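Only one structure is covered here, and it is reproduced in the block below.
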Amino acid sequence: MSDAPDTAHKQSLQHLAERIRSRRTINLFLQQPVSRQIILDAIEVARWAPNHHLTEPWHFYLLGDEAIRKSIELTRVVVTERKGEKIGNFKAEESAARPGWLVVTCKRSADPELEKEDYASVCCAIQNFSLYVSEAGLASKWATGPVTRDSRFYDLLNIDEEKEFIVALIWYGYPKIMPTQRRKDVKEIVTETD
């Protein structure tokens, strides 16, 4: 029996590798509605991320129009408080151009090691989500700006800060443009040991 993958398996691996390589963070989205079912399907796939002892530490908040509108205004307020009105208005306008909003949280733990493992699991779930929407022809941007750390954002979404913390605000939609990127050569990032 050969260890070499058969042709169909090799093509499947190549397709997966290409999907991972082609996923991009997008800043500019078309103003086109996104099927809620695609996002729910992406969340269903996201939850299959590895998680130690099956803690399933994630929670997904899929924002509707009113929550998005309030989040945009809160972004204006938070950024204005930190950087002034001009930048606050700019960030609010930039946020308003992003059609879909999803917040992903992680359960808090009294055990710092468990919370660290859970955080890593949530990051894996976000990657799963991003890959799924990319395969569906959408794009996303994982944001961790000041609004995600502001208690008013937690209040707006009814998130209990003592029980969970925000890992990501994900904006999603159909991309206007797909940028290209490069990565370091594998030889630069791998150390092989005996």
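What follows is calculated from the coordinates using simple rules that are stated; it is not laboratory data. Note that this is a predicted model, so its numbers are computed, not measured. No Cβ is skipped: glycine too gets one built from the backbone with ideal geometry, and neighbour counts run over all protein chains shown.
Here are a few things to note about the model shown:
- The alpha-carbon of Lys107 sits under 15 angstrom from the alpha-carbons of these aspartates and glutamates, leaving out residues fewer than 8 places away in its chain: Glu56, Glu115, Glu117, Asp118, Asp160, Glu161, Glu162, Glu164.
- Under the Debye formula (equal points on every Cα, no solvent term), log10 I(q)/I(0) of the range 52-194 at q = 0.14, 0.15 Å⁻¹: -0.79, -0.88
- Global size of the range 99-153 as Cα Rg and Dmax, reported in angstrom: 13.3, 40
- Set Lys83/Lys176; Lys70/Lys184; Lys141/Lys163; Lys86/Lys176; Lys86/Lys116 screened for pairs whose C-alpha atoms are more than 32 Å apart: Lys70/Lys184; Lys86/Lys116
- For the chain, the longest site-free run once trypsin sites (Lys or Arg not before Pro) in DSSP loop states with at most 11 other Cβ atoms within 10 Å are removed: 1-162
- DSSP beta bridges in the chain [antiparallel fraction, %, rounded to 5]: 95
- For the range 154-194, alpha-carbon Rg relative to the globular expectation (2.2 N^0.38 Å, N residues): 2.17
- For Thr193 and Leu28, the difference between the fully extended length at 0.36 nm per residue and the C-alpha to C-alpha distance is 55.1 nm.
- The range 1-132 - Kirkwood radius from inverse mean 1/r over Cα pairs (Å): 17.7
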